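Comments concern the structure below.
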Amino acid sequence: MLDFFTIFSKGGLVLWCFQGVRGPAATAPVNALIRSVLLQERGGNNSFTHEALTLKYKLDNQFELVFVVGFQKILTLTYVDKLIDDVHKEFRDKYRNEFQQKGALGLLNGTFDFKDDFMRLLRDAEESSRVRAPTVMKTFEQSLKSQKTVKCMIETRGEKPKEKVKNKKNKGSKKEGTEAAAAPSKASGGDKQPSAAGDKEELTKDEILQKNREEFFRRHMKAGEKSRSPKPDAQKEKGKKPRVWDLGNSNAKVLDYSNSATNGSAEACPVEEFDPDMALGDKNREPGRLYDLEYESEDEAEEEKVVQNTSKPSAKKGGLGGMFGMLKGLVGSKSLTREDMDPVLEKMKDHLIAKNVAAEIAVQLCESVAKKLEGKVMGTFTTVTSTVKQALQEALVQILQPQRRVDVLRDVMDAQRHRRPYVVTFCGVNGVGKSTNLAKISFWLIENGFSVLIAACDTFRAGAVEQLRTHTRRLNALHPPESHGGRTMVQLYEKGYGKDAAGIAMEAISYGRCGAGGAAVPPAVPPPHPSRPFPVPPARNQGFDVVLVDTAGRMQDNAPLMTALAKLIAVNAPDLVLFVGEALVGNEAVDQLVKFNKALADHSMAQTPRLIDGIVLTKFDTIDDKVGAAISMTYITSKPIVFVGTGQTYCDLRSLNAKAVVAALMKA
């Protein structure tokens, strides 16, 4: 039973609609289909699920029409694909003249009486599905197993199975042929050959194998001894010298952290000296500004040279040949077919996969472009390749542009008005750069005038708390309290190792709201008084603007750790959940994001589980033009890439520029 069937134009004008069951109208699911699939260039799959409904659709690019059918997703209706194809063909043929002659006015003023035709097609489709006989399983008598007897299934030890003997007959015949050819040449060797043959007949199979191996090794050992040349023994170094790095510190006392406290004491940790210019990178940057990601394209002069070189041979040809060469591959006012686009789409798919786009995503993108262009009438001097490439570029830009833009600074100011901290949780697999990029985002927030509390909720990895403590010291050295009216701009909240991460995050958020209690570490405040062993904030009632929660890295297949992450997010309800992924991955990006979202949904106790809100793409400076991971991540989640990490300094943080990424992706 169909819930609805609707036909509307791409401009949003409903031409005809059929309501199969009583209930809510088809407006909500169709609008969800338009927002999530048609506008986002995700037409690779002609099926879409919205709540309890499954929607299937078909595009008519010649007349700019959309055909949508909806039914309950628990039903298995095998005739839906045939029905939507028949309705598309019938409706288009019936009103073709009206569309061609009147155009848009025909859609506005036309009356489309299609109910009788639709009911006829629906009955035909239902009857055709009933006529099909269900597949019947073979009986035992019809199977090959029934033809075997017990005798043929018994194997005698040392006897080869008959099938294997048959398969090896050809090999045996070849060996016999070679032995027969070699027999006359070896006959002059005396009586050794017959005796050897007689010995082989008397020897068992294992003995023959052992004898052949010994002869083989003896022959190769003699050849190896002749080819070897004596090499002088390399003089071994008497002692091992320690390696000294250029930016390292040779003082062992400075590197000794064995006596430092592990829970909130900052005075025992030495403050190392470092170059601020090295930590900041570009000196000419504007403080607090998040620059767009840039891509350096090829020089236009080189492109012009290529165009000139390719155009010279055609000028030397005759006039008729040159004209045919120029018109080769052009589509002259005809509609594009799938056969025209398949060779170009195949090359585009291979190009996307080579640029690190996940194979599954590349196939769906090409399928979406094919559905968008199929049946579309092209201009006279337009090549199929340029048309497909242009459509693919537009689809990629549309995918990278988020449905909902995440403006962190605006959201932080909104949280300030409500007198609460803005909470951001970072999650991801091991080694993608969560802590490093958390420090970069902290620096960016501090430069915009917001105070930051870092919650060290990675209580598993050795050195995780010390890494954040080092970042906190350096950030406070770059932005000392004296430059901000005595206010410490960044502090670390940590409880050591082996603790519950969700509990530490809750305490950190509570501390960030009230600004007192806990084991927060303000490393840049004056030394503590003897009666007060731990430093405290300058003002006890001063809260923090942003709380950044660092979590332990975990693989997407580790169920206990994914349950702990879902618990942390469900208990603390952060304002923003950022997935940190590296730009080096290809197909793995899809697997990571799908399983992270699935784990957060499965292990959450809430009715509407909290999923990933945005992506931080790291190590973008290591991939050159292989930027496919950005496409894979945004396509699979429909979530925006909020930040892009491009280097090792605190200033190496960028916002995503969709056109720059697509330009790098389409580069040959």
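Residues that are at pLDDT below 75 and assigned to a strand (DSSP E or B) within segment 489-534 comprise 520, 521, listed in sequence order. Checked against the criterion of being in a helix (DSSP H, G or I), surrounded by fewer than 18 Cβ atoms within 10 Å (Cβ to Cβ), assigned by the TED database to the domain that holds residue 570 and more than 17 Å from the chain's Cα centre (by Cα), segment 606-622 contains one or more residues that satisfy it.
If you filter segment 98-142 down to residues that are at pLDDT below 80 and among the polar types (S, T, N, Q), you find that the one that is surrounded by the most Cβ atoms within 10 Å (Cβ to Cβ) is 129. Out of the residues in segment 67-85 that are hydrophobic (A, V, I, L, M, F, W, C) and not in a strand (DSSP E or B), which is farthest from the chain's Cα centre (by Cα)? The residue in question is 83.
Are any residues in segment 372-400 part of a helix (DSSP H, G or I) and open to solvent by 50 Å² or more (accessible area, probe 1.4 Å), and if so, which ones? Passing the criteria: 372, 385, 386, 389, 390, 393, 394, 398.
Within segment 552-590, restricting attention to residues that are at pLDDT below 85 and closer than 25 Å to residue 404 by Cβ, the residue that is surrounded by the most Cβ atoms within 10 Å (Cβ to Cβ) is 589. Close Cβ contacts (under 6 Å, 6 or more residues apart or on different chains) running from residues in segment 398-425 that are of a type in the set (Phe, Trp, Tyr) to residues that are outside any helix (DSSP H, G or I) comprise 422/546; 422/575. Looking only at residues of segment 591-605 that are of a type in the set (A, V, I, L, M) and open to solvent by 20 Å² or more (accessible area, probe 1.4 Å), we find that the one that is nearest to the chain's Cα centre (by Cα) is 594.
Looking only at residues in segment 285-300 that are assigned to a loop (DSSP other than H, G, I, E, B) and open to solvent by 80 Å² or more (accessible area, probe 1.4 Å), which one is modelled with the highest pLDDT?
Here is the first cut: in segment 285-300, the ones assigned to a loop (DSSP other than H, G, I, E, B) are 285-291, 293-299.
The next check asks that each one be open to solvent by 80 Å² or more (accessible area, probe 1.4 Å); those that pass are 286-287, 289, 294, 296-299.
Numbers: 286: 73, 287: 75, 289: 79, 294: 71, 296: 56, 297: 52, 298: 49, 299: 41.
Step by step, filter segment 285-300, then rank; the result is 289.
So, of the residues in segment 444-488 that are of a type in the set (A, V, I, L, M) and part of a helix (DSSP H, G or I), which turns out to be most open to solvent (accessible area, probe 1.4 Å)? Going through the qualifying residues, I end up with 477.
The values are calculated or read from the model by the stated rules, or taken from the named source; none is laboratory data. Note that the structure is predicted; figures quoted are calculated from it, not measured. Cβ coordinates were reconstructed from backbone atoms using ideal geometry, including for glycine residues, and neighbour counts include every protein chain displayed. We work out accessible area using only protein heavy atoms, side chains counted, and drop any ligands, DNA or RNA first. Shrake-Rupley method; radii C 1.70, N 1.55, O 1.52, S 1.80 Å.
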